[in-house]
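Student: Got a structure for you, questions after.
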Amino acid sequence: MIDSGRFNPTRDEAEHASDDYVSDSGDHPPLAATESALDAAFRQSTLFDLGQIDVRWDADLATLWAFMTPLERPNSNMGLIRDTMAWQRESRRVFGGADGRGQDGPLKFMVLGSRFPGVFNLGGDLEMFAECIQRRDRETLLKYGVASCEIVDRIWHCNDMNIINIGLAQGDALGGGLEALMCFDVIIAERQARFGLPEVLFGLFPGMGAYSILSRRVGPVLARQMLTEGHIYTADEMCEMGIVTQVVDTGEGEAATAQWIKDHSAHHAGYVGINRAGRRVNPMTLEELIDIVETWTDTALALSDRDLRMMRRLAAAQTRLR
């Protein structure tokens, strides 16, 4: 099993990482006689050296495990967004093979979890949102929203690979954290985890995929109810609605995920085909997501001072979790 290192890229390095991960210049050391092509790809890649995501390859399970390791608040700061996009792009680059999908390659499952105690992800960077709203910085808000939509789109489409995406919630998934989690083919949640879309509490709405995803998963009526009421749901409630696949006891999430993979590996191709058919029957496009995030951006800029104070209080509560 290969574990990640601890590399923290600079802002410029992170922004240009997608162009620099694997070089085709021929400057890499020659492939050793005992080194496989996959080993060489690992050696030439920074997949295992992301700043806020720890990645490990489990050859026995044909699984790429990834765990978010946020530096400060357990939310989707810009650094984590860049690392998430790098994880998606580099995973496909390393494991995609000649067809780009990895159809005959070793990777069959991708898992995303979190190492932050009690939290999967709390969603958007509320402090950054509040600052952008106060200075009327629409460009930065929209850029953040579009990047988030691109991540959601790639998860929904399984990174354009023949894989099964698994979300592992060992803690709370709120706002944008839940938006991303709901895109996975399979969601395994520990019983203590809580889930919700609380943006309505400060006059906003979850604009980076929630309505689109929920309307496809549970129907438009329940989707609207979940968005407008801001209710916090238990893992068991989410399972009853059909959003969470399996609920397990606290501390058993990783083991349960590994067991799910073992139980379903023999029928991997069938599950991939079923998931792909579902996306074809009820497609969700990046264009749809970006159209909605435009509305989200304009709604954010219309928030009142009272809404901004509530947003900052929630951001402070995230900070205290450290």
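The values are calculated or read from the model by the stated rules, or taken from the named source; none is laboratory data. Computed from a predicted model, the values in this text were never measured in an experiment. Positions of Cβ are backbone-derived with ideal geometry, glycine not excepted, and every protein chain shown enters the neighbour counts. Note: areas computed on protein heavy atoms with side chains; ligands, DNA, RNA excluded. Shrake-Rupley method; radii C 1.70, N 1.55, O 1.52, S 1.80 Å.
Student: Quantify, in whole percent, the carbon and sulfur part of the accessible surface of the chain (1.4 Å probe; protein heavy atoms only).
Tutor: Whole-percent figure for carbon plus sulfur exposure: 51.
Student: Right, another one. Please give the FRET efficiency for ASP137 paired with ARG115, using the beta carbon to beta carbon distance and R0 = 35 Å, rounded to the nearest 0.05.
Tutor: That gives a FRET efficiency of 0.65.
Student: Further, regarding this structure: Output the Cα-based Rg and Dmax of segment 74-137 in Å, rounding Rg to one decimal and Dmax to a whole number.
Tutor: 16.6, 51
Student: Would you work out the charge dipole size for the chain about its Cα centre, treating the Cβ of every Lys and Arg as +1 and the Cβ of every Asp and Glu as -1, and quote it to the nearest 20 debye?
Tutor: 640 debye
Student: In what sequence, highest mean first, do 41-47, 221-227 appear when ranked by Cβ atoms within 10 angstrom?
Tutor: 41-47, 221-227
Student: Related question: Would you work out which of GLN134, PHE109, VAL200 lies farthest towards the positive end of the dipole of the chain? Charges go on Cβ: Lys and Arg +1, Asp and Glu -1.
Tutor: Projecting each Cα onto the dipole axis, the largest value belongs to VAL200.
Student: Where only protein heavy atoms count, and the probe is 1.4 Å, what is the accessible area per residue for the chain in Å²?
Tutor: 45 Å²
Student: Further question on the same structure: Tell me which of THR297, GLY242, HIS264 sits at the most positive position along the dipole axis of segment 185-322, charges placed on C-beta atoms (Lys, Arg +1; Asp, Glu -1).
Tutor: So the residue furthest toward the plus end is THR297.
Student: Suppose only helical runs count, i.e. DSSP H with n ≥ 4. What mean residue ellipticity at 222 nm does that imply for the chain under -39500 (n - 2.57) per run, divided by all residues and rounded to the nearest 500 deg cm²/dmol?
Tutor: Value at 222 nm, helices only, nearest 500: -14000 deg cm²/dmol.
Student: Pop out the Kirkwood hydrodynamic radius of segment 148-289 from its pairwise C-alpha distances, inverse of mean 1/r, in Å to one decimal.
Tutor: It works out to 15.5 Å.
Student: How large is the convex hull of the C-alpha atoms of the chain per residue, in Å³?
Tutor: 136 Å³
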